[in-house]
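The values are calculated or read from the model by the stated rules, or taken from the named source; none is laboratory data. Because the structure is predicted, anything quoted here is derived from the model rather than measured. Counting neighbours? That spans all protein chains shown, and the Cβs are built from the backbone with ideal geometry, glycine included.
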Amino acid sequence: MIVVGGRCAGAATAMLLARGGLRVLVVESAKRGTDTLSTHALMRGGVLQLHRWGLLDAVVASGTPAICATQFSYGDDIETVDIRTGDGISALRAPRRTVLDALLLDAARAAGAEILSPARVTRLLKSGGTLCGIEGITRGSGVSFRATATLTVGADGRGSMVASAVGAGFHRRGTASGAIIYGYFPGLARDHYHWGYRPGVAAGVVPTGDGLACVWAGTASARFDRSQRLETAFRLLLAEAAPEVARSIAAALPAGRLRGFPGAPGFIRSCGGPGWALVGDAAYYKDPITAHGITDALRDAELLARAVLDAPNGGRAQLDAILDYQRTRDRLSVPLFDITERIASYQWDLAELRDLLKALSQAMRPEVATLLGLDRPDDQSLLAG
Ligand SMILES: Cc1cc2nc3c(=O)[nH]c(=O)nc-3n(C[C@H](O)[C@H](O)[C@H](O)COP(=O)(O)OP(=O)(O)OC[C@H]3O[C@@H](n4cnc5c(N)ncnc54)[C@H](O)[C@@H]3O)c2cc1C
């Protein structure tokens, strides 16, 4: 099996395929442990996956603090919801991508996957209509390589080269998109997520490692002014969306630079065909406002890996298993996608937003139930750490 892209979706998929006994090659163009453009709040399903795979202790050991509650502020009205304990989860966590992606890649390597990083896939090989391998080049040394496989998994993100090369069709295309600016600040509360909303704007605080919290502020992409200095735009948006947070970091400088994301509309794509499969953002991308992309990537990595392990020899049986993965992915993702579209439009009032967030919370339940349902004793032996 070849996996193109070795961050949360690709590294997790590779780890599970290798734990299942398959030969796996991962090609990732970024260096291990480097950051990417993403905040990193995990929802329950994501933390559950790390726990089920035996990796949560390493996240805790990295110094990523326990998130025991989520505080929502709707204008001046504050509501706090405690994180339910159970299923092996005592708190949520929000590890930096430098921590999470490296941990998953190391776990894939430990399970026997071969990792080529930093190296880039430059071409996909086809035989008839079937994808059968890749060509690429290592970064730095510039060595060309070629590899063949019964399945090539595109875990190469929103702009997936694999999805484009195979012409993966769109099941759904969104229209809404939000812009986000974020940075890391010391001195904020360490034990809860904070999501703040006022008409047309939103902000959040995501405590993470090194004593820092990721602070983000967002609005509709159409309102994002690219000519403005990022720091000015960030402080203004934050003051509008969550004035209390803005005040508490008014005198603080960010640790490192601020990052800005202008936004992009979401989509849900086909995730399998002859010789190929897609996972993570390559298959299904939605606006970051609902902070669910990593959680979904960790969920779908396992749904895909199980499908492949059910029919490891390729052919029709494997394709059918991958289409089953797609059906489960759609069942779990479409409600979340549609709610995200509404929230990312920023065309709500606070009463409607509360209802949308309640619906979002409901939409996460089947995901967690499905993941817990995978833990039948006969399944455990293959994928547990
Ligand atoms: C601003 C922002 C904030 C976000 N905040 C959150 C959040 O708080 N919580 C959350 O759950 N989600 C969040 N997300 C979404 C989350 O970042 C994505 O869902 C997640 O990164 C998807 O993981 P992935 O592994 O599918 O893709 P990616 O993380 O995009 O990784 C794909 C990898 O593929 C590699 N690659 C691409 N092409 C090639 C090639 N040809 N050869 C080799 N390698 C290749 C790239 O180098 C990249 O490292 C946010 C996204 C953005 C943009």
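For the reader, a short list of remarks on this structure follows.
- There is no residue in region 268-282 that is part of a helix (DSSP H, G or I), closer than 15 Å to residue 11 by Cβ and more than 9 Å from the ligand (Cβ to nearest atom).
- Failed criterion for residue 182 (all others in (1) on the phi > 0 side of the Ramachandran plot; (2) within 14 Å of the ligand (Cβ to nearest atom) hold): (1)
- Failed item, numbered, when residue 117 is tested on (1) touching a strand residue (DSSP E or B) at 6+ places or on another chain (Cβ under 6 Å); (2) surrounded by 13 or more Cβ atoms within 10 Å (Cβ to Cβ); (3) at pLDDT 95 or above: (1)
- Residue within region 254-261 that is away from the ligand (no atom under 16 Å from the Cβ) and at pLDDT 95 or above present: yes
- Among the residues making up region 182-203, a single one is in contact with a Pro (Cβ under 8 Å, 6 or more places away or on another chain) and of a type in the set (Lys, Arg): 190.
Per-residue answers, yes or no, for (1) surrounded by 17 or more Cβ atoms within 10 Å (Cβ to Cβ); (2) modelled with pLDDT of 95 or more; (3) under 21 Å from the mean Cα position of the chain (by Cα); (4) over 13 Å from residue 249 (Cβ atoms):
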position: 201; (1), (2), (3), (4): yes, yes, no, yes
position: 206; (1), (2), (3), (4): yes, yes, yes, yes
position: 219; (1), (2), (3), (4): yes, yes, yes, yes
position: 223; (1), (2), (3), (4): no, no, no, yes
position: 233; (1), (2), (3), (4): yes, yes, no, yes
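- Residue count, region 37-60 (criterion: within 12 Å of the ligand (Cβ to nearest atom) and farther than 26 Å from residue 360 by Cα): 0
- Against the criterion of being in contact with a Leu (Cβ under 6 Å, 6 or more places away or on another chain), over 30 Å from residue 90 (Cβ atoms), part of a strand (DSSP E or B) and of a type outside the set (Ser, Thr, Tyr), residue 183 does not qualify.
- The one condition from (1) within 30 Å of residue 79 (Cα to Cα); (2) more than 19 Å from the chain's Cα centre (by Cα) that residue 343 does not meet is (2).
- For region 138-164, residues that are near the ligand (Cβ under 10 Å from one of its atoms) and surrounded by fewer than 18 Cβ atoms within 10 Å (Cβ to Cβ) total 3.
- Test result for residue 32, closer than 24 Å to residue 209 by Cα, crowded, with 17+ Cβ neighbours inside 10 Å, within 15 Å of the ligand (Cβ to nearest atom) and of a type in the set (Lys, Arg): no
- Hey, residue 84 farther than 30 Å from residue 119 by Cα and in a loop (DSSP other than H, G, I, E, B) or not: yes
- Residue 268 being over 16 Å from residue 169 (Cα atoms) and at pLDDT 95 or above: no
- Out of 94, 107, one residue alone is more than 12 Å from the ligand (Cβ to nearest atom) and modelled with pLDDT of 95 or more. It is 107.
- Condition met for residue 264 (surrounded by fewer than 20 Cβ atoms within 10 Å (Cβ to Cβ), over 24 Å from the mean Cα position of the chain (by Cα) and at negative phi): no
- Meets criteria (more than 16 Å from the chain's Cα centre (by Cα) and assigned to a helix (DSSP H, G or I)) for residue 60: yes
- Just one of the listed residues (332, 323) is away from the ligand (no atom under 12 Å from the Cβ), surrounded by fewer than 20 Cβ atoms within 10 Å (Cβ to Cβ) and assigned to a helix (DSSP H, G or I), and it is 323.
- Residue 301 assigned to a helix (DSSP H, G or I) and free of Cβ contacts under 8 Å to residues at least 60 places away in the same chain: no
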